[in-house]
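This report concerns only the one structure given below.
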Amino acid sequence: MDLFSAPPEKKPAPSVRISAPAPLPQPARSDLFDSDFNADDIREWNQLFPTAPQYSYHFKRAQIGSAFDRPLHKKLVASRAFERLRDISFLGAIDYLFHPNGKPANIRHSRYDHSIGVALLSQHYCRLNGLDEADRDLLGAAALLHDIGHGPFSHTLEPEFARRFNLNHHQLTEKIITGAVDLDLSVRHLLEKHDVDPMAVIALLAKKSDHPHAALFSGPVNIDTLEGISRTKTYIHPHHVHCHPRLLLEAAVKLDAESLKRLDKFWQLKEDIYRNFIFGPMCFATDHLCREFVVKNAPDFAARDFLLGEPAFLRTHPAFRKFLFSLKNRIELEGVADVVDAEGIRITDAAPDAHTTKVPKREFNIDATAPVTCFADLSRRYYEEKNSFLRRVGNLADPAQQAAAASLFD
């Protein structure tokens, strides 16, 4: 069963609605849905991906049971540790404040569905390359388990857990796989029962493996990125995804001239997603202010909170829940104008102070002259430069403003 295909009763939106959207008033400054996309850009996507199918981002249990043919993968999906990912949001606090594509009816994303999507790409890669059962089990297990250690609110709160308790999702992933944490001891047992070395899985995820297909997880164009960027795109563009992750994976395996054009376009999309969405003013303000709340209320949080799903986390920390909804109310009603300086402040122009914070800046480059003959060679063509700049954050965390906004949710 191919979960990359659309449900039969749903049809993609007519292309005319995508290529010729009705003109909308432009915001005075950058907001959540800002991007560099325009009509010409969308037409280029249509030309590069003329037959892209609809990609279903949410998978039903019956579909999953039919899609995975390896017993190990079926049992890992059924494990308590993997089931926990249903309660871990894909984009952290952002998922609580903003609906995908701005539509309240759209279902928000979870680490569970993302991990299923990455595993499906691994399975397709193995088919394309005719890999044996041992490689299929190993690569598929690594794909399913790559995010198994994410804590509540994903990357939003993880920096504070790392700073205060030396906990991050990489460490918890390793502990779950090796059985060093009692969250679910069955994961290691299942791997060993099916002759998969847990340390080989960890090496793949830590980008320290010498496996012939290690680039599937470690390269700049990897299955985690292919699925994750396509999924994130639904927040800022129509649901129909032209950069279908399966088609992109096939391009990364085929590597002819047309395939490289598709991958170049995807690399540009990744930069657009990071610049205008993940590190854009509204999403950055959301993550930053949630972390600030944890800092100011540090005694209320404990290392064991990292093992909780989000419903349990919000029940344990009702003050954080109220703050989260007060943040939602302020941002949705007043926009981002009084939250951050949307233009940012270059570090060379200003020194950090109590009202500024460092924002990551990632630039995505393409070396079109680099020879590319196999999947692993994509690291020669695509590379990132990581810098930072300063952004001024407003007083959204002011207690009086929190209380006024939160009262609407009481």
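The values are calculated or read from the model by the stated rules, or taken from the named source; none is laboratory data. Note that the structure is predicted; figures quoted are calculated from it, not measured. Note that we place each Cβ from the backbone using ideal geometry, even for glycine, and neighbour counts take in every protein chain shown.
Outside any helix (DSSP H, G or I), modelled with pLDDT of 95 or more and over 17 Å from Leu289 (Cβ atoms): does that describe Ala370?
Yes; evaluated as a whole, the condition is true for this residue.
Among the residues of segment 220-258, write down those that are part of a helix (DSSP H, G or I) and among the charged types (D, E, K, R). Residues satisfying the conditions are Asp224, Glu227, Arg231, Lys233, Arg246, Glu250, Lys254, Glu258.
Residue by residue through segment 307-328, note down the ones that are outside any helix (DSSP H, G or I) and farther than 14 Å from Ile88 by Cα. Please lay out each step first, then the result.
The initial filter retains those residues of segment 307-328 that are outside any helix (DSSP H, G or I), namely 308-309, 317.
Passing the criteria: only His317.
Does Leu138 satisfy being among the aliphatic types (A, V, I, L, M) and either more than 17 Å from Glu83 (Cβ to Cβ) or touching a Cys at 6+ places or on another chain (Cβ under 6 Å) (or both)? Here the answer is yes, as Leu138 does meet what is asked.
The set of residues in segment 92-121 being more than 17 Å from the chain's Cα centre (by Cα) and small (Gly, Ala, Ser) consists of Gly102, Ala105. Here Phe33 qualifies as at pLDDT below 70 and either touching a Pro at 6+ places or on another chain (Cβ under 9 Å) or not in a loop (DSSP other than H, G, I, E, B) (or both). Filtering segment 220-249 to residues that are more than 16 Å from the chain's Cα centre (by Cα) and crowded, with 19+ Cβ neighbours inside 10 Å leaves His240, His242, Arg246, Leu247, Leu248, Leu249.
Search segment 65-91 for residues being among the aliphatic types (A, V, I, L, M), within 20 Å of the chain's Cα centre (by Cα) and assigned to a helix (DSSP H, G or I), and hand back the single one that is nearest to Leu327 (Cα to Cα). The selected residue is Leu85. Being among the aromatic types (Phe, Trp, Tyr), at pLDDT 80 or above, buried (at least 21 other Cβ atoms within 10 Å of the Cβ) and within 29 Å of Trp267 (Cα to Cα) is the requirement here; does Phe82 meet it? No, not satisfied. Against the test of being in a helix (DSSP H, G or I) and more than 16 Å from Gly117 (Cβ to Cβ), the options Lys261, Lys208 yield a single qualifying residue, Lys261.
Within segment 233-247, which residues are at pLDDT 90 or above and under 12 Å from Gly117 (Cβ atoms)?
Let us first name the residues in segment 233-247 that are at pLDDT 90 or above, namely 245-247.
Matches in segment 233-247: Pro245, Arg246.
For segment 130-142, taking the residues that are over 27 Å from Asn166 (Cβ atoms) and of a type outside the set (D, E, K, R), the one that is surrounded by the fewest Cβ atoms within 10 Å (Cβ to Cβ) is identified as Gly130.
Would you call Leu183 assigned to a helix (DSSP H, G or I) and either under 30 Å from Leu269 (Cβ atoms) or over 16 Å from the mean Cα position of the chain (by Cα) (or both)?
No; evaluated as a whole, the condition is false for this residue.
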